[in-house]
C-alpha cells in the first residue's frame, strides 16, 4: 500500500502530474482495472524526435534550436496555447477532439543511454539493470491469462518486452497463421475431419486434465471459426490507410474482435533515426508521423465502433527522443526525453505532465520530466490490473494518465 | 488423495487389476523417453515392466558431441536446433529427458549468457550428471561458466557481493522458499564472491573473495562457495524439494504430493543424492503405473513434437522443427527465466494448441515444405504391413494413443478412412499418393485428439 513513507522514499522519482502531487494522484479514484482490458504497445523504432512531434511552437528556443526543421505556429494542430501537434498528426488531432488522446510530456529515465539497442532494451525490460533478459510485458503475462501477440513486420523478431512470458508470444504475420489447417481435402472428407476434431473438444464438464484440454481446444476452434468469419467478412468500421503499420493494427483488430482472450499486442514501426534530411512540416519524419497517427486513429475508430473503445489502450513509445539542436545535416542526433501518446476511451485526454525545460538542457538533450516506469506502473496497476513492483523491480508512482 | 507411501513406491508387478498392457508400455515411454515407436511398444509388451525399465535406464550409446562450429558461430538458434537434433536421434532418451529436467531446474538462458560454447558446456555437465549425483551436480553448476554469467557471480566481489546466485541456489535449486532466511542469503552471497571465468572454466580469485566468517543456517565459519552448497544439501528441505520436483516431472502434475508420500524417496535420496537410483525407483513403482497418475501431465512442446517424429520413424531437419517449437512456447537453451518453464496447463492456450495441431498436420501430410515426406504415416503403415481395411485405424490409435479414445471416436475414424478412400482425387495424382492420402489424413486426426496432448 501507498504510504507517506513510500512517497518520501520515492520522491526522487518524478511523477507525471504538474498539478496533483504523486501521492494524491495515487489516492484519486482510478478506473477499476478490468479483467478484459487490452494493451497495444506501438514501438517507434529509431528514436522519435519528440520536439517536432508535440511542438512548443511559440517558445523562442524552439525556433532557435530548429532553424531549418521547425514547423511554424500557423501549421501545427493546436493542443493548447503553447503546444501543437505536428501537422501530419491529423489522426491524433481528431482523437484529441474525441477526448481519446493523452499526451505524456518528456518521458525518459535518468542517465539515458544514447545507444539504440541499450535504450530500447531498457524500455522493453522496464529496467536499467546492467543485463536485461526479460520484458515488462513478459512478466505481466505471468499474471494474465491468455495469449499475447507480436504482430510482426517482415524479418522482425519478437521484442524483448514479451520475453519471460510463461509461453512465448508468437510473432504473427497474417491471419493464415491462425487457422486450423486440414490439408488439401474438400467436400465430405473435409467435413468429417472438422467434425471429428471439433467433436473431440465438445461436451465436457469435468475438471480433470483431459477436460482442460478439451475445453481449451473447444475455445480455440470456436475462436478460429469466428476469426475465419471475421476475416472473410471483416469490414473495418473505419477505412484503414494502406500502410504497413495500419495493416498490422488491422490484424490486431481482427484478433481482438474474434475474442481470443488476448490482452497484450505489440507492433512496431521503424525509420525514426532521422540523422539527416528529416524534414519539417513535410518530409520523411512527417510521413512517419502521418503513418503512426492515421493508422492508430483508424484502429481506434474501428475498435470503438465495435464497442471495444473502453477496453483498449494504445501506447506509443520510442527508445529516446532527439537532440534539441538540429545538426548540420538538417537532421537530429540521439537525444532523450520525448512524449508518449496514449489512446483509448479511458485515457485522461490532453497534455499530461510537464514539458522538459527548453532552457535547461542536459548535454544538449531534453531532460525527462516523467520516468517511463511511472507510465508503465499506471498501465500495470490501473489498466492491466497487475502489481507493478515485481515487473519494474521498484515502486514507481503511477502516472496520472487515466480518467478518474 | 490418500495413498499409502509404502505401497506407492514398492515395485509394481502386473496383476489382474493392473495388467501389463499397451497403455502401461506407452505410459512408461512417454515419461521416461519421448514416447515409443511401434517396435518399442511391442518389445515392451513382450519383455515386461522390469526389463523394459532396465533397458531405458541402460540406454544406448551417447550421441556425438556438439560440433565446435556452433561454439565458434555463437548463434543461439543453432544451439536450439542442435539440442533438438540430439533429442530426435538419441539412443539414450531417458538421459536426454532428465537433462531437460535439469535444464529447467538450473534454468539458464542464452538470452543473457550469449555464449553458445558456455551453454553447451552446461548442457554437457547436465547430461553427464543427469542420472548421476545431485550433490556433485550442484557443486559443478555453481562454478559453471554459463551459470557464473547467468546469475551474476562473475560480478560479485568482496565488499560488493551480488546476492543473485545465493538466493536462487536456496530458493530454486536446493531448498524452496520458506526454508532459509534473508540473512542466510546475504551471508552466503559473500561466499560466492571472487569467482571468475578463466580459460573457459570457473575458478576462485582469492584477491576478490570475501574470506571472512559468515553465518549461514546458524553455522559460522570462513565458508567458501563449496561449503555453502554443502550446507544447502544438508538442509532437511533439500531432498524433499528435489524429489517433489522430479515427482511432478515423472509422475504427475495433477496434484501436489504430500510430505508423507514423498518421505520414503526423500529419505533415501538424502543419504546418497543418487539421481539414477531415485529415478529407477520411481519408474518401477506401483504409483507410477497406477491409474491415478495416468495421463496426468501435459506434454511439453518438445515431448509433443519429438514424440510424433520418433513414432513415425522419420528424420526431419532439426532447425525447422526448432523454429516450430518456438511458436509452441519452448526454445531449448532459452528458458523464460531462472524458474524455467512453468509447464503444465500453461503450455496450452488458444494459440499454442492451434499451432500444435497445425504442426501435427505438417508432420503427417508430406506436403509441407519444411518436412516433406520425411515423416510419412503411409510409409510407416506400409512397412508394418497394416494398410488393409481398418488396420490403419488400429495402428495409429495404438501407436499414438494406446487405445485411449472417447467412446465412438474410433468408429468415426473408421468411417473417415472409408470416406477418404472413396474420394475422387485429381487425375494427376499417382496411385501411390491416392492410396497414401487417406492414411495421412487419418494419422493427423489421431494426433489431433485431446488425449494426445497428455503424457
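Overview of results
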{"quantity": "Leading residue by the ranking (farthest from the other protein chains (Cβ to nearest Cβ)) among those in the stretch B:153-180 that are closer than 21 Å to residue B:244 by Cα and surrounded by fewer than 17 Cβ atoms within 10 Å (Cβ to Cβ)", "calculated": "B:178"}
{"quantity": "In the stretch A:351-369, residue nearest to residue A:49 (Cα to Cα) [restricted to those that are without any contact (Cβ under 8 Å) to a residue 60 or more places away in the chain and in a loop (DSSP other than H, G, I, E, B)]", "calculated": "A:364"}
{"quantity": "Sole residue being modelled with pLDDT of 95 or more and in contact with a strand residue (DSSP E or B) (Cβ under 9 Å, 6 or more places away or on another chain), chosen from A:271, A:293, A:301, A:283", "calculated": "A:293"}
{"quantity": "First in the stretch A:174-190 and within 7 Å of another protein chain (Cβ to nearest Cβ), second anywhere and part of a loop (DSSP other than H, G, I, E, B), Cβ under 6 Å, 6 or more apart", "calculated": "A:189/B:423"}
{"quantity": "Condition check for residue B:311: more than 14 Å from chain A (Cβ to nearest Cβ) and surrounded by fewer than 21 Cβ atoms within 10 Å (Cβ to Cβ)", "calculated": "no"}
{"quantity": "Some residue of the stretch B:65-83 being part of a helix (DSSP H, G or I), over 26 Å from residue B:323 (Cβ atoms) and under 22 Å from the mean Cα position of the chain (by Cα)", "calculated": "no"}
{"quantity": "Residue among B:322, B:305, B:280, B:296 that is part of a loop (DSSP other than H, G, I, E, B) and under 19 Å from the mean Cα position of the chain (by Cα)", "calculated": "B:296"}
{"quantity": "Subset of the stretch A:159-203 (residues that are loosely packed, with under 15 Cβ neighbours inside 10 Å, within 32 Å of the chain's Cα centre (by Cα) and assigned to a helix (DSSP H, G or I))", "calculated": "A:176"}
{"quantity": "Residue A:248 being in contact with a strand residue (DSSP E or B) (Cβ under 8 Å, 6 or more places away or on another chain), buried (at least 19 other Cβ atoms within 10 Å of the Cβ) and within 14 Å of another protein chain (Cβ to nearest Cβ)", "calculated": "no"}
{"quantity": "Hey, residue B:338 over 22 Å from residue A:182 (Cα atoms), free of Cβ contacts under 8 Å to residues at least 60 places away in the same chain, out of contact with any strand residue (DSSP E or B) (no Cβ under 7 Å at 6 or more places or on another chain) and within 10 Å of chain A (Cβ to nearest Cβ) or not", "calculated": "no"}
{"quantity": "Condition broken by residue A:238, with the remaining ones in (1) at the interface with chain B (Cβ under 9 Å from one of its Cβ atoms); (2) surrounded by fewer than 17 Cβ atoms within 10 Å (Cβ to Cβ); (3) in contact with a helix residue (DSSP H, G or I) (Cβ under 7 Å, 6 or more places away or on another chain) satisfied", "calculated": "(1)"}
{"quantity": "Hits in the stretch B:358-383 (condition: more than 14 Å from residue B:314 (Cβ to Cβ) and in contact (Cβ under 8 Å) with a residue 60 or more places away in the chain)", "calculated": "B:361"}
{"quantity": "Total residues in the stretch B:342-365, condition within 16 Å of the chain's Cα centre (by Cα) and more than 7 Å from every other protein chain (Cβ to nearest Cβ)", "calculated": "2"}
{"quantity": "Check on residue A:241, in a loop (DSSP other than H, G, I, E, B) and at pLDDT 95 or above", "calculated": "yes"}
{"quantity": "In the stretch B:108-128, the residues that are within 14 Å of chain A (Cβ to nearest Cβ) and free of Cβ contacts under 8 Å to residues at least 40 places away in the same chain", "calculated": "B:112, B:113"}
{"quantity": "Residues (under 18 Å from residue A:132 (Cβ atoms) and modelled with pLDDT of 90 or more) located in the stretch B:334-344", "calculated": "B:334, B:335"}
{"quantity": "Qualifying strands (runs of 3 or more DSSP E) (wholly inside the stretch B:144-250; at least 2 residues being within 20 Å of residue B:112 (Cβ to Cβ))", "calculated": "B:195-198, B:201-204"}
{"quantity": "Test result for residue A:99, surrounded by fewer than 19 Cβ atoms within 10 Å (Cβ to Cβ), over 30 Å from residue A:329 (Cβ atoms) and more than 14 Å from chain B (Cβ to nearest Cβ)", "calculated": "yes"}
{"quantity": "Residue count, the stretch A:367-404 (criterion: more than 24 Å from residue A:132 (Cα to Cα) and within 14 Å of the chain's Cα centre (by Cα))", "calculated": "2"}
{"quantity": "Any hit, the stretch B:254-274, residues being under 16 Å from the mean Cα position of the chain (by Cα), crowded, with 20+ Cβ neighbours inside 10 Å and modelled with pLDDT of 95 or more", "calculated": "no"}
{"quantity": "Test: residue in the stretch B:126-142 that is over 24 Å from residue B:266 (Cα atoms) and either in a helix (DSSP H, G or I) or touching a helix residue (DSSP H, G or I) at 6+ places or on another chain (Cβ under 7 Å) (or both)", "calculated": "no"}
{"quantity": "Selection count, the stretch B:415-451, where residues are buried (at least 16 other Cβ atoms within 10 Å of the Cβ) and in contact with a helix residue (DSSP H, G or I) (Cβ under 6 Å, 6 or more places away or on another chain)", "calculated": "20"}
{"quantity": "Unmet requirement for residue B:379, which otherwise passes all of (1) farther than 27 Å from residue A:221 by Cβ; (2) within 14 Å of another protein chain (Cβ to nearest Cβ); (3) not in a loop (DSSP other than H, G, I, E, B)", "calculated": "(2)"}
{"quantity": "Residue check for residue B:327: within 26 Å of residue B:372 (Cα to Cα), part of a helix (DSSP H, G or I), over 16 Å from the mean Cα position of the chain (by Cα) and at pLDDT below 95", "calculated": "yes"}
{"quantity": "Filter result (part of a helix (DSSP H, G or I) and away from chain A (no Cβ under 11 Å)) within the stretch B:415-442", "calculated": "B:431, B:432, B:434, B:435, B:436, B:439"}
{"quantity": "Residue satisfying all of: in the stretch B:7-22; within 24 Å of the chain's Cα centre (by Cα) and outside any loop (DSSP other than H, G, I, E, B); surrounded by the fewest Cβ atoms within 10 Å (Cβ to Cβ) among these", "calculated": "B:11"}
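The values are calculated or read from the model by the stated rules, or taken from the named source; none is laboratory data. Everything numeric in this text was worked out from a predicted model, so none of it was measured. No Cβ is skipped: glycine too gets one built from the backbone with ideal geometry, and neighbour counts run over all protein chains shown.
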